[in-house]
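Accompanying notes for the structure given below.
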Number of protein chains: 2
Amino acid sequence: MKVNLMHGAGGEVMGELLRVITNLEHNNAGGIGLESLDDGAVIPLNGQNIVFTTDNHVVSPIFFPGGDIGRIAVCGTINDLAMMGGRPIALSCGMVIPEGFEVADLERIVASMDAALGECGANLVTGDTKVLERSALDTIVVNTAGIGVAERVVRDNGLSVGDKIIVSGTIGDHGIAIMAHREGFDFGGQIRSDVAPLWPLVEKALAAGDIHAMKDPTRGGFANAINEMARKSGVGIVIEEADLPFRASVRSAAGMLGLDPLEVANEGKVVMGVAPHDAETVLAALRSHPYGRDAAIVGEVVEGSHVVMRTAIGGERFIEPPVGDPVPRVC
Amino acid sequence: MKVNLMHGAGGEVMGELLRVITNLEHNNAGGIGLESLDDGAVIPLNGQNIVFTTDNHVVSPIFFPGGDIGRIAVCGTINDLAMMGGRPIALSCGMVIPEGFEVADLERIVASMDAALGECGANLVTGDTKVLERSALDTIVVNTAGIGVAERVVRDNGLSVGDKIIVSGTIGDHGIAIMAHREGFDFGGQIRSDVAPLWPLVEKALAAGDIHAMKDPTRGGFANAINEMARKSGVGIVIEEADLPFRASVRSAAGMLGLDPLEVANEGKVVMGVAPHDAETVLAALRSHPYGRDAAIVGEVVEGSHVVMRTAIGGERFIEPPVGDPVPRVC
């Protein structure tokens, strides 16, 4: 069997590949390990919960409306730490650069990483660089790994019946921005990636109430994240379509592109399951931060095993995890 | 200016690129950061020294005599942790896989990683996988990052005049094995990569005496490592050529390939500067471990700023850091 592009798409097919890649005996350092396929691992160390995570970034193009590969590389890892309840402390950066790459572009990427780090008090402390022949690689690959510390670890599998589902803002912005840019559509700068480091936002939310589960809806989008949370928690979820926040421009661009905004990546959003009595205070905390001003309660956890959406016109349909990813090289 | 292959070679030219890549304001989490360009970073956390490091691996071919890209990916990071005095605790793994890659090869790579982890009690706890079109990438890229804990941090810049220089075994095995294999030379299985996880060896050495500085001579080989240690420590070093351990087969293959074994990568060796009164006990500790049985005292730290080798025939020559790397894609 050979690896194909569907294996990297973050959808169901990817599970086959993950079973191969995660087939290690030495997969857990006494906390949460590779076997859990959560946003990161947890390592208990001297009475602290060290959160540890990594991401490769191959987004194309490397500069796009609202961000670039440097900002994504830093934010992707900071957000995975934040999803586990981890305050980001230190990041590593491994770059593989094709020969012929412009050093001026590298300078822009590094400056962008630095700015994103500054937004949440994290530091990039160690790195490695390899250069490959142009015939071997046509794009820069940026890996980041990150260390954080969690006072209280939050999982993606902690949903309870009755929890309110909150999203921290508009859905689909990143994936639609990338695709619209690739296709050369001009929306007058209205469609921009949402890529952002979420720790300051998540920190406010954690202080405001009892958050049972978090996940950032990156590859595979909201559809993938909400299904993974439901499946791992052993619950069903009902989503109210009318409550899902979308930018009008993103929705119309998605229509033109033939994409479902629920299935494309976000890079600056969090999906939460919150204890019902705390939902309004957590929502208010999110809305008090610029990255959470469009936050909304969009649904509720129920008994069952499916994610159902009550549509705006009064019907019901399942939200399924996407089989593949309609937007390759989105992050 | 554009990036070229020399920028990734681990020699002097790479410094230009590193000045761009490390130009961040947010580069240190209160300990040893990116600015030091050591084998890893140190983050003081709750009274502990957390060591953190990362490496990208693009070795070609991915399977070679003595190892494979999986073993290198785990050992490279474990060894960088060990060089800082860090016991390896947890690793991350980010893979970028070209479509068409054989899943059976991936299984071999993962099994090899697992075995290397098992040799030193570390665990691979978190990961990420991307799949790229074959037109974008012709090889698997494996990034590993790692977390360790150091009771006492060891730097690469701690050499003092009078220190003995110890290498833990034969020099040049990995680079020459890769090149001989690529060129199709058959040495009857005598030339094999030395790739190995060094923490158990380093742990013995640390317990045996006062080690002032450590570095693993990977890209750029012994010549690069010893010069970097001397330059950062502000000292000179005299090396006795007659005391440098080489496999005869490696030396003759290096001659046939036109390579200097001092300038090619090792993946299972450490270069140490040891307080003179402890040199013999540290040497004995190294030799008591299979990965250190060919350890030798090869030189001494002196006043000055050059690395000089007293040749076997009674002359002297400088050992210079290689300008580029004679062996591309060696790790």
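Return the percentage of antiparallel bridges among DSSP beta bridges fully within chain A, rounded to the nearest 5 %.
Bridges in chain A that DSSP calls antiparallel: roughly 75 percent.
Using a/c under 1.5 as the rounded threshold, could you call the range A:199-251 rounded, prolate or oblate? The axes a ≥ b ≥ c are square roots of the C-alpha gyration tensor eigenvalues, and prolate needs a/b larger than b/c, oblate otherwise.
Numbers: a/c = 1.68, a/b = 1.13, b/c = 1.49.
Because a/c hits 1.5 or more and a/b fails to exceed b/c, the range A:199-251 counts as oblate.
Between A:Val271, A:Val51, A:Val96, which gets the highest mean-square fluctuation from a Gaussian network model of chain A, Cα cutoff 10 Å?
Evaluated over chain A, the most mobile residue of the options is A:Val96.
If I take R0 = 25 Å and measure r between the Cβ atoms of B:Asp243 and B:Val323 in this structure, what FRET efficiency does the formula 1/(1 + (r/R0)^6) give, to the nearest 0.05?
That gives a FRET efficiency of 0.45.
Rounded if a/c is under 1.5, else prolate if a/b beats b/c, else oblate: with a ≥ b ≥ c from the C-alpha gyration tensor eigenvalues square-rooted, which is the range A:101-255?
Oblate, since a/c reaches 1.5 and b/c is not below a/b.
So for the range A:31-150: antiparallel DSSP bridges make up what percent, rounded to the nearest 5?
In the range A:31-150, DSSP labels about 75 percent of beta bridges as antiparallel.
Sorted from largest to smallest, which semi-axis lengths in Å does the alpha carbon gyration tensor of the range B:31-150 give for its equivalent ellipsoid, taking the root of 5 times each eigenvalue?
Working: eigenvalues 150, 46, 28 Å².
Sorted largest first and rounded, they come to 27, 15, 12 Å.
At what distance in nm do the modelled label points of B:Phe63 and B:Leu18 sit from each other, each positioned 7 Å from its Cα along Cα→Cβ?
Going from the B:Phe63 label point to the B:Leu18 one covers 3.5 nm.
Decide, for the range B:41-97, between rounded, prolate and oblate: order the square roots of the alpha carbon gyration tensor eigenvalues as a ≥ b ≥ c, take rounded if a/c falls under 1.5, and otherwise choose prolate if a/b is larger than b/c, else oblate. Provide the component values of the computation, followed by the final result.
Numbers: a/c = 3.42, a/b = 2.27, b/c = 1.50.
Prolate shape, in that a/c is at least 1.5 and a/b is the bigger ratio.
Relative to the compact-globule scaling 2.2 N^0.38 Å, provide the ratio for the alpha-carbon radius of gyration of chain B.
Numbers: Rg = 19.0 Å, N = 331, 2.2 N^0.38 = 20.0 Å.
Cα-based Rg divided by the globular estimate yields 0.95.
For a footprinting-style exposure proxy, rank A:Leu124, B:Leu257 by other Cβ within 10 Å, fewest first. Don't jump to the answer; show the numbers that get you there.
On the way: A:Leu124 30, B:Leu257 19.
By the 10 Å Cβ count, ascending, the order reads B:Leu257, A:Leu124.
Gain in length, A:Phe185 to A:Ala104, computed as 0.36 nm per residue apart minus the alpha-carbon separation, to one decimal in nm?
26.5 nm
Quick one: Cα centre-to-centre distance for the range B:154-214 and the range A:179-210, in angstrom?
Value for the Cα centre distance between the two parts: 47 Å.
Dimensions of the protein assembly as shown along principal axes (Cα, Å, largest first)?
Answer, in whole Å and largest first: 92, 48, 40 Å.
Quick check on chain B: helices-only [θ] at 222 nm, where DSSP H runs of length 4 and up contribute -39,500 (n - 2.57) each and the sum goes over total residues. Nearest 500, please.
-8500 deg cm²/dmol, from helical runs alone.
When the Cα atoms of the range A:164-318 are enclosed in a convex hull and the volume is divided per residue, what value in Å³ results? Kindly include the intermediate steps, with their values, before the conclusion.
On the way: hull volume 16.2 nm³, N = 155.
Here the figure is 105 Å³ per residue.
If you take every DSSP beta bridge fully contained in the protein assembly as shown, what fraction is antiparallel? Give it as a percent rounded to 5.
75 percent
In whole angstrom, how far apart do the alpha carbon centroids of the range A:271-295 and the range B:46-90 sit?
41 Å
List, in order, the whole-Hz ³J(HN,Hα) value for each residue of the range A:232-243 obtained from phi through the Karplus relation with A = 6.51, B = -1.76, C = 1.60 and θ = phi - 60°; use x for Gly and Pro.
Residue by residue, the range A:232-243 yields 5, 8, x, 9, x, 9, 10, 10, 9, 4, 5, 8 Hz.
Which pairs, out of A:Lys2/A:Lys232; B:Lys2/B:Lys164; B:Lys2/B:Lys232; B:Lys2/B:Lys269; A:Lys130/B:Lys232; B:Lys2/B:Lys130, put more than 31 Å between their alpha-carbon atoms?
B:Lys2/B:Lys164; B:Lys2/B:Lys269, as the Cα separations exceed 31 Å there.
Here, each number is a calculation from the coordinates, and none is a lab measurement. Since we're looking at a predicted model, the values are computed, not measured. When we count neighbours, we look across all protein chains shown, and the Cβ atoms used for this are built from the backbone with ideal geometry, even at glycine.
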